[in-house]
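This report concerns only the one structure given below.
The values are calculated or read from the model by the stated rules, or taken from the named source; none is laboratory data. Not measured: the values here are computed from a predicted model. Cβ placement follows ideal geometry from the backbone for every residue including glycine, while neighbour counts extend to all protein chains displayed. What goes into the accessible areas is simple: the full protein's heavy atoms, side chains included, and nothing from ligands, DNA or RNA. Shrake-Rupley method; radii C 1.70, N 1.55, O 1.52, S 1.80 Å.
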Amino acid sequence: MASKQLQVLATLDAAKTQWYHFTAIVVAGMGFFTDAYDLFCISLVSKLLGRIYYTDPARPDPGTLPPNVAAAVNGVALCGTLAGQLFFGWLGDRLGRKSVYGMTLLLMVVCSIASGLSFGSTPAGVMATLCFFRFWLGFGIGGDYPLSATIMSEYANKKTRGGFIAAVFAMQGFGILAGGIVTLAISTAFRKAFPAPAYLVDAAASTVPQADYVWRIILMLGAVPAILTYYWRTKMPETARYTALVAKNAKQAASDMSKVLQVEIAAESEKLDEITRNRDYGLFSSRFARRHGRHLLGTAATWFLVDIAYYSQNLFQKDIFTSIHWIPKARTMSALEEVFRISRAQTLIALCGTVPGYWFTVFLIDVLGRFAIQLLGFAMMTVFMLGLAFPYHHWTTAGNHIGFAVMYGFTFFFANFGPNATTFIVPAEIFPARLRSTCHGISAASGKAGAIIGAFGFLYAAQPQDKAHVSGGYKPGIGVRNTLFVLAACNLLGFFFTFLVPESKGKSLEEMSGEANDEETSGNDVATAVQPSGVQMV
């Protein structure tokens, strides 16, 4: 099969790792740092919100967010993210990756600050305002997913492309870690400045008035990394693949990349006309369904399944740690001490399991391939979830809590050295340039649909079956143990759906999408050509 490719794209594929690669990683990666900080820091302060706004000192336990409020506070940003992924993914293919890249970051900055300034004269008013701004914060975060992944994939060379995209995504781990560290520091400072007794000792005094500043400061600090990289985002040139293959401006693509790579590149306008002729099929065409329909199903389904498990774990670590008595009962602590202990536990998990998993992927993905890492991750997540679920009563007894935390940490490690990273990488590599951002947005939105199920579903499902132990306002659920079985089943399904996703290691984006071929092959031919050796499609 004869292959033809523009010189500018071939030069990008063969380029040695240069300074502009690292610049792109940092600029795109700081967006993901901010994304993770903003999405997950809410779990660190939601217990504090319950204490501040819903405590009745006459009750034996401090206040908690009512079920509907807790679901909204934890999940509304995910709803915004889903909408943003679809909208900005589509817009990135219509207006260009760079044209809308600054919009997402600006929206994140404004809404991070506004979330911390949430106002209202009643608890309901404060929560409603907070949810409003967190929805639009999520909307901006959603746009970062397809745009960052697509920009990095289109800038990278084919030899180390997976590692570069993974490095952008790995900044999410540092964002989660930063959220824990920032919360630790702020809660420690406020505890020392405003000491308070445990709720058991003095219910009214256990939550000092200054605690209201804590959650606001934590949320607003999410704007800082976004502000620092906004200027550089606006200065990034449009990717050559968008300019050439979508905007069909070979001269501009060659000019932009000549400056970036510091080499002379021919425009090849006539060759571009030949390459792009009769290739403008749309997302809902039979041609797309034949060539890439199975791939889109695979990327969307695997991302959906991994996010059910990943987000339910991340957003509700505090509840799991409380259920195994790793964090003491709320009544035995002051409000700020509870924030401190929750952030300490989540920081430890991030440091030991979450962050290392991301960087194993960065260094090994272009060696082992996306397919193998995703299969391994789903398989090991299933194993460790079952290892937590079957002897769950053993883990909840005194003396076994450290073992539970270690096993729990391994599920995060293999999520990030596995499908949480690869589901972000692969959709940016296997679809045609004119639909790449859109398809990545669809895949990512499918993941956020899973995250919403995980966030809302876990909140209710993890409630104990015994009515006597159910949190106020909730109905009995299936318990943490049975919820872990459900999450294990999701991971097992993800393992099998991985067989719909092609291997893209070492191939150019045009090879993966069929844009480099004289004649487009059928979807089956493409899928067969890119599967790992010895692996058959199911």
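Values as computed for the structure displayed
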item: In degrees, nearest ten, helix 123-155 long axis to first principal axis of the chain (Cα); result: 30
item: Residue 406 versus residue 496: modelled label distance in nm, points set 7 Å from Cα along the beta carbon direction; result: 3.3
item: Cα-based shape type of the range 158-270, given that a ≥ b ≥ c are square roots of the gyration tensor eigenvalues and the cut on a/c is 1.5; result: prolate
item: Added length on full extension, which subtracts the Cα-Cα distance from 0.36 nm per residue, residue 393 to residue 68; result: 114.1 nm
item: Anisotropy class of the range 99-208 from Cα gyration tensor, a/c 1.5 cut; result: oblate
item: Centre separation in Å (Cα based) which lies between the range 61-109 and the range 333-397; result: 24
item: Mean Cβ neighbour count within 10 Å, used as a protection proxy, ranking 378-384, 30-36, 60-66 highest first; result: 30-36, 378-384, 60-66
item: Equivalent ellipsoid semi-axes - Cα gyration tensor, the range 66-111, angstrom; result: 27, 12, 4
item: Rounded to 10°, Cα long-axis angle of helix 67-95 versus longest principal axis of the chain; result: 10
item: Relative packing of 211-219, 447-455, which averages over residues the other C-beta atoms within 10 Å, highest first; result: 447-455, 211-219
item: Rg/Rh ratio calculated on Cα atoms of the chain (Kirkwood radius); result: 1.00
item: Shape of the range 332-405, Cα gyration tensor, a/c cut at 1.5; result: oblate
item: Exposed-site-free run, longest, the chain (rule: GluC sites (Glu not before Pro); DSSP loop; at most 11 other C-beta within 10 Å); result: 1-263
item: Average accessible surface area per residue within the chain, 1.4 Å rolling probe, Å²; result: 37
item: Protein-only accessible surface order, largest first, of 118, 258 at 1.4 Å; result: 258, 118
item: Largest-first principal axis extents of the Cα set of the range 167-211 (Å); result: 48, 19, 13
item: Set 235/271; 98/248; 16/251; 159/448 screened for pairs whose C-alpha atoms are more than 21 Å apart; result: 235/271; 16/251; 159/448
item: Stretchable slack from residue 482 to residue 185, in nm (0.36 nm times residue separation minus alpha-carbon distance); result: 103.4 nm
item: Efficiency of FRET between residue 468 and residue 289 - r from beta-carbon atoms, R0 45 angstrom, step 0.05; result: 0.25
item: Top positive-direction residue, dipole computed over the range 1-73 with Cβ charges, set 70, 55, 10; result: 10
